[in-house]
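The values are calculated or read from the model by the stated rules, or taken from the named source; none is laboratory data. The structure displayed is predicted, hence computed values, not measured ones. When we count neighbours, we look across all protein chains shown, and the Cβ atoms used for this are built from the backbone with ideal geometry, even at glycine.
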Amino acid sequence: MCQLRCVEMAVLIFAFAVSVPGAHSQTAGPAATACAEPRQKQFDFWVGDWDLTWPGEKQGEVAHGSNSIKRILDGCVVQENFSGGDSMPLWGMSVSLFDPTSGKWKQTWVDNQGAYLDFVGEFKDGQMILAREAIRPDGVKFLQRMVFKNIHPNEFDWSWEASKDGGKTWTIQWPIHYKRKV
């Protein structure tokens with residue numbers, strides 16, 4: 001019984017591999033080209049292990065967390081693993097990919113509080129900005145974005161921002177300073 005099913009499964013996998021363009025190619029398909037795109041390296045400043053600080057709950061208090069960023073899937077995807085540490089009960093992860101068709105970065109974030117957020121953006125004028133349209137529980141739409149700025153080899157600033165006027169003005173809701181671990 002298994003021999004017949006195993007053979008049928010192998011035939012189906014083979015048929016899929018030869019029928020889907022690029023599925024059997026290891027170096028010469030759209031994925032290899034996309035990952036070789038120079039803009040694919042725009043997020044390299046983020047790769048590494050980071051100590052994070054941000055304003056705490058009380059005036060003058062400093063909260064701490066960590067973030068570990070690495071390239072996965074043959075270097076095509078940037079994977080983030082965030083921990084709020086003892087400062088906040090938030091753990092999450094994201095995956096980011098440069099899409100050469102749109103010329104934009106795309107990121108998906110998920111976390112232990114049930115959030116799923118999708119962003120699109122680009123690296124421009126020394127900043128990486130990824131944004132999305134969000135909807136409040138009452139149905140009102142607004143914009144959210146994250147901004148990576150003041151980028152240096154061993155530190156940079158990140159801010160979570162919101163706009164209620166279609167992006168004319170932005171309010172910083174959560175500023176984080178990144179410092180590379182040694």
TODO: Enumerate the pairs (first residue in the range 51-77 and under 13 Å from V95 (Cβ atoms); second residue anywhere and acidic (D, E) and at pLDDT 95 or above) with beta-carbon separation below 6 Å, excluding pairs fewer than 6 apart on the same chain, so at least 6 apart or on different chains.
DONE: I69/E80
Task: Test result for K149, closer than 18 Å to K41 by Cα and among the basic types (K, R) - done: yes
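Pick out the one residue from L73, L52, L4 that is modelled with pLDDT of 50 or more, exposed (fewer than 14 other Cβ atoms within 10 Å of the Cβ) and aliphatic (A, V, I, L, M). So that I can check it myself, show each step before the final result.
Numbers: L52 fails: exposed (fewer than 14 other Cβ atoms within 10 Å of the Cβ); L4 fails: modelled with pLDDT of 50 or more.
So the residue among L73, L52, L4 that is modelled with pLDDT of 50 or more, exposed (fewer than 14 other Cβ atoms within 10 Å of the Cβ) and aliphatic (A, V, I, L, M) is L73.
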Task: Among the candidates N150, N67, residue that is out of contact with any Gly (no Cβ under 6 Å at 6 or more places or on another chain), assigned to a strand (DSSP E or B), under 17 Å from K181 (Cβ atoms) and not hydroxyl-bearing (S, T, Y) - done: N67
